[in-house]
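The values are calculated or read from the model by the stated rules, or taken from the named source; none is laboratory data. Quick caveat, the model's predicted, so the values are computed rather than measured. Here Cβ is always computed from backbone atoms with ideal geometry, including for glycine, and neighbour counts include all displayed protein chains. Quick note on the areas: whole protein, heavy atoms, side chains included, nothing else; ligands and nucleic acids left out. Shrake-Rupley method; radii C 1.70, N 1.55, O 1.52, S 1.80 Å.
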Amino acid sequence: TTDKPMQFTTAAEAAKLIRSHSSVYIQGSTSIPEALVAAMAERGGELEHVTVYSAFAVGAFDAPYCRPEYKESFLVNSLFVANNIRRWLADGYGQTIPAFLGEIPALFRDGTLPLDVALINVSPPDAEGYCSFGVQEGQMRDELSLAVSAVECAKTIIAQVNKAMPYSYGDAVIHTSRLAAAVEVDSPLVEVPTAVPSETERKIGSYIAELIPDGATLQIGVGGIPNAVLAA
């Protein structure tokens, strides 16, 4: 613990810690640190061959580092085809690494996917100086473990300290002393609307439901078809 108050800087200054030929992990789920990501993208003209890892994420905007003019600046190695990068991957401005979410923390820890920088989105610190990873703890355990393992392995940790992020109790916290830079924001969390199944999706859901026996345990994904299966 420490009595020293947290020192904040600007997103532009924090992004200067990212160097060419380095690798960067961007926290996902509904917790993309959008201010840090935008500042990193603004440096696209002066950076080259920065490998960007991202996973399951719900972005408020298209990923700004995926622009065609930044193709040599940011090498996108996505661990999940999220909404904020899907269009760019389809157009060839990045690639995806197929892997089970539960396997990815080990890839960070054994150096298969080396990390230089982690960009995270956390709550304001508590009285002892610990920031929480917030909504991810209860919402997305696999993605949360990615963020925790990435922070554990990265040499440099840059945090977006979000006044709108709730403090979620548990082990998923980081002390302010571990942050190379912190940027204060007050940004609403991304909300995910419930997908309403189309007529085609409802038909698919009814066919799938016929194959599910009584007493079955289901693992359900995200989207219109999973919702249609549950409804049926």
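Data overview
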| quantity | calculated |
| --- | --- |
| Any pair with Cβ under 9 angstrom, 6 or more apart, that starts in the stretch 96-123 at a residue that is at positive phi and ends at one that is crowded, with 16+ Cβ neighbours inside 10 Å | 111/153 |
| Subset of the stretch 7-21 [touching a strand residue (DSSP E or B) at 6+ places or on another chain (Cβ under 6 Å) and open to solvent by less than 60 Å² (accessible area, probe 1.4 Å)] | 9, 11, 14, 18 |
| Which numbered condition residue 67 misses (of (1) free of Cβ contacts under 8 Å to residues at least 40 places away in the same chain; (2) out of contact with any Gly (no Cβ under 8 Å at 6 or more places or on another chain); (3) surrounded by fewer than 17 Cβ atoms within 10 Å (Cβ to Cβ)) | (2) |
| Check on residue 206, in a helix (DSSP H, G or I), under 30 Å from residue 12 (Cα atoms) and out of contact with any Leu (no Cβ under 7 Å at 6 or more places or on another chain) | no |
| Residue, nearest to residue 117 (Cα to Cα), within the stretch 143-192, restricted to residues that are open to solvent by 10 Å² or more (accessible area, probe 1.4 Å) and in a helix (DSSP H, G or I) | 153 |
| Scope the stretch 29-49; condition buried (at least 20 other Cβ atoms within 10 Å of the Cβ) and either in contact with a Ser or Thr (Cβ under 6 Å, 6 or more places away or on another chain) or farther than 19 Å from residue 159 by Cβ (or both); matching residues | 47 |
| Selection status of residue 62, out of contact with any Asp or Glu (no Cβ under 9 Å at 6 or more places or on another chain), in contact (Cβ under 8 Å) with a residue 12 or more places away in the chain and loosely packed, with under 15 Cβ neighbours inside 10 Å | yes |
| Residue within the stretch 194-212 that is on the phi > 0 side of the Ramachandran plot and out of contact with any strand residue (DSSP E or B) (no Cβ under 8 Å at 6 or more places or on another chain) present | no |
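Matching residues to (1) at pLDDT 90 or above; (2) open to solvent by less than 50 Å² (accessible area, probe 1.4 Å):
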{"position": "94", "(1), (2)": "no, yes"}
{"position": "103", "(1), (2)": "no, no"}
{"position": "108", "(1), (2)": "yes, yes"}
{"position": "120", "(1), (2)": "yes, yes"}
